[in-house]
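One structure below.
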Amino acid sequence: MPTSFHLLADAPAQLLPARELMAFTLASHIILVPLGVAFPFITLVMHYRGLRRKDATALLLARRWSAVMAVQFALGIVTGTVLSFEFGLLWPGLMGRWGDVFGLGFGVEAWAFFLEAVLIAIYLYGWRRLKPRTHFLLGLPLPAAALLGAFGILAANSWMNTPQGFSLDSGGNPVDVDVWKAIFTPMFGPQYWHFVVAMILTAGFVVSGVYAVGWLRGRRDHYHRLGFAVPFTIAAVATPVQFVLGDSIARSVFHKQPVKFAAMEIVWKTDTRVPEYLFGRLQEDGSVKGGIKIPLLDSFLAGFSPDTEVVGLTSVPADQRPTATQATIAHWAFDLMVLIGSVLVLLALWYGLVWLRHRRLPASKWFYGPAACAGVASVVAVESGWIATEVGRQPWIVYQNMRVAEAVTATRSTTLWIMLAVVMVVYVFLFASFLVILLKMRTRWRLADEQRAAGGPSPQAPETDTPYGPRAPVPAGDAPAADGDAGAEGGHR
């Protein structure tokens, strides 16, 4: 019988449903994370442009994006809170033994979360109520709060990958905790900056993708050009940076987590002159089926020399490494992330070359088609990176210190399966509601834009009459139009 089946048979019945529940909620929440972390920064860049150039369209976009930001943050509250509870409910062994060591990261994230909620409320309230400079300055801490939240989460996750900052007593319990060492682990720096830049480029591609679709449908006015250019430029600048950071973190994994690296590259035996497999499948006997084999490349990428020794999965016992199936999943996720990143680099270079040569946006539909898909592709790459990181660490929940099976809850497996089904139904409803709200906002804003273009009762852009002061009184007969305009001022992508 294959080794994977023996390991599965030894696992507690609760392990599979607990992992599936955690995986589903994490995969759902991570869709929102790029907008939560990087969208405030992109919005403030647009806001600054509007103030600097006295561009009413840029201010209108910033205002509308701030409304989207608030709706997205509200949904993130729900999905993030569920995750917080799941850590304690599904993995009591982890939190019970190790919470004192790495729990500070969760505390920092919670504090940053509440700070961000307050700042978003102030930023939304400030439109038309604060002086322009004051309002903008009060919005500046928003990206810092988002980065602080990411700091807390990545500190906890990097500790799980490379735990340090403690000693073990005779009972195997952590003592003599050094909080600073527990936060700043060997993987923290590479993971944190790789994550932050990934969020920036993903948010940029997601937002610009909306306006790329508009361009393909013939909407090529200043509003749509600006709505595309600012976030796409930010993403295009971040993309090659991310490519370099991705190579750096892969090399950090090679040195700090060699068995995970072996899983991501499906390396079976420790050796030099190791080939690279693109989308191959690792078998139980160590052979690789399918994929494209490139001789020597894996050793060269790991250490810039074909003679670099790469540690294989068989360097540790079978119960201390990912199974062949898990290694294949991590490998495919890693390769998919790299493939998408490479395509996005080419798209960013295309954009940059056109801008440098002609000082304008690209005009080809062959550019805007991929640009419209870049946001979805970026989210897929983020999901793939998370899968490679977490699956490649198996069977450890705390690398080389605690197995996932040791941390899982004692709750009956049937109950966990029911919880998974309920959470899936609730999440489908939540994300569907989120989409409906965004579509309704878009419709209201578009109607308001058409009304102003037609010279309706309020022909001026909302940022050119009274940008930040109280709204001008509206005659009673114009109430329907004013309502539409108020909807326009809440925010449009």
Query raised in the report: Taking helices (runs of 4 or more DSSP H) that fall entirely within segment 36-152, which contain at least 3 residues that are at pLDDT below 90 and under 26 Å from the mean Cα position of the chain (by Cα)?
Result: 56-90, 92-102, 104-126
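Rundown of residues vs (1) open to solvent by less than 60 Å² (accessible area, probe 1.4 Å); (2) in contact (Cβ under 8 Å) with a residue 60 or more places away in the chain, yes/no style:
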{"residue": "Leu15", "(1), (2)": "yes, yes"}
{"residue": "Arg19", "(1), (2)": "no, yes"}
{"residue": "Ile30", "(1), (2)": "yes, yes"}
{"residue": "Val33", "(1), (2)": "yes, yes"}
{"residue": "Val45", "(1), (2)": "yes, yes"}
{"residue": "Leu61", "(1), (2)": "yes, yes"}
{"residue": "Arg64", "(1), (2)": "yes, yes"}
{"residue": "Gly76", "(1), (2)": "yes, no"}
{"residue": "Val101", "(1), (2)": "yes, yes"}
Requested in this report: Give the residue, chosen from Leu361, Leu344, that is crowded, with 16+ Cβ neighbours inside 10 Å and in a loop (DSSP other than H, G, I, E, B).
Outcome: Leu361
Report summary line: Filtering segment 398-416 down to residues that are open to solvent by less than 60 Å² (accessible area, probe 1.4 Å) and under 16 Å from Val101 (Cα atoms) yields Val398, Tyr399, Asn401, Met402, Ala407
Report task. For Leu447, indicate whether it is within 30 Å of the chain's Cα centre (by Cα), closer than 30 Å to His224 by Cβ and open to solvent by 40 Å² or more (accessible area, probe 1.4 Å). Result -> no
Requested in this report: May I ask you to verify whether Ile249 is touching a residue at least 40 places away in the same chain (Cβ under 8 Å), open to solvent by less than 40 Å² (accessible area, probe 1.4 Å) and not in a helix (DSSP H, G or I)?
Outcome: no
Query raised in the report: Name the pairs: first residue in segment 218-236 and surrounded by 21 or more Cβ atoms within 10 Å (Cβ to Cβ), second residue not in a helix (DSSP H, G or I), Cβ to Cβ under 6 Å, at least 6 apart or on different chains?
Result: none
Query raised in the report: Are there any pairs with C-beta distances below 8 angstrom linking a residue in segment 125-138 that is more than 17 Å from Pro40 (Cβ to Cβ) to a residue that is among the β-branched types (Val, Ile, Thr), with the two at least 6 apart or on different chains, and if so which?
Result: Arg128/Thr466
Query raised in the report: Would a scan of segment 310-318 turn up a residue that is under 25 Å from Glu383 (Cβ atoms) and at pLDDT 90 or above?
Result: yes
Report summary line: Here the residues within segment 142-181 that are within 15 Å of Tyr192 (Cα to Cα) and β-branched (Val, Ile, Thr) are Ile153, Thr162
Requested in this report: Could you figure out which of (1) in contact (Cβ under 8 Å) with a residue 40 or more places away in the chain; (2) in a helix (DSSP H, G or I); (3) closer than 29 Å to Lys260 by Cβ isn't true of Gln394?
Outcome: (2)
Report task. Return yes when Leu420 is within 18 Å of Val207 (Cβ to Cβ) and modelled with pLDDT of 90 or more and no when it is not. Result -> no
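Okay, residues lined up against (1) in contact with an Asp or Glu (Cβ under 9 Å, 6 or more places away or on another chain); (2) not charged (D, E, K, R):
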site	(1), (2)
Gly227	no, yes
Val230	no, yes
Ala236	no, yes
Val244	no, yes
Lys269	no, no
Arg273	yes, no
Ser287	no, yes
Arg321	no, no
Query - Every residue from segment 194-217 that is assigned to a helix (DSSP H, G or I) and open to solvent by 30 Å² or more (accessible area, probe 1.4 Å) - result: His194, Phe195, Ile200, Val206, Val210, Val213, Trp215, Leu216
Query raised in the report: What is the residue count in segment 252-282 for residues that are surrounded by 22 or more Cβ atoms within 10 Å (Cβ to Cβ) and under 26 Å from the mean Cα position of the chain (by Cα)?
Result: 10
Report task. Of the numbered conditions (1) touching a Phe, Trp or Tyr at 6+ places or on another chain (Cβ under 6 Å); (2) not in a helix (DSSP H, G or I), Gly171 fails exactly one; give the number of that condition. Result -> (1)
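The values are calculated or read from the model by the stated rules, or taken from the named source; none is laboratory data. Remember, it's a predicted structure, so these values are computed and weren't measured experimentally. Glycine also receives a Cβ, built like all others from the backbone with ideal geometry; neighbour counts cover every protein chain displayed. Ligands, DNA and RNA are excluded from the accessible area calculation, which covers all protein heavy atoms including side chains. Shrake-Rupley method; radii C 1.70, N 1.55, O 1.52, S 1.80 Å.
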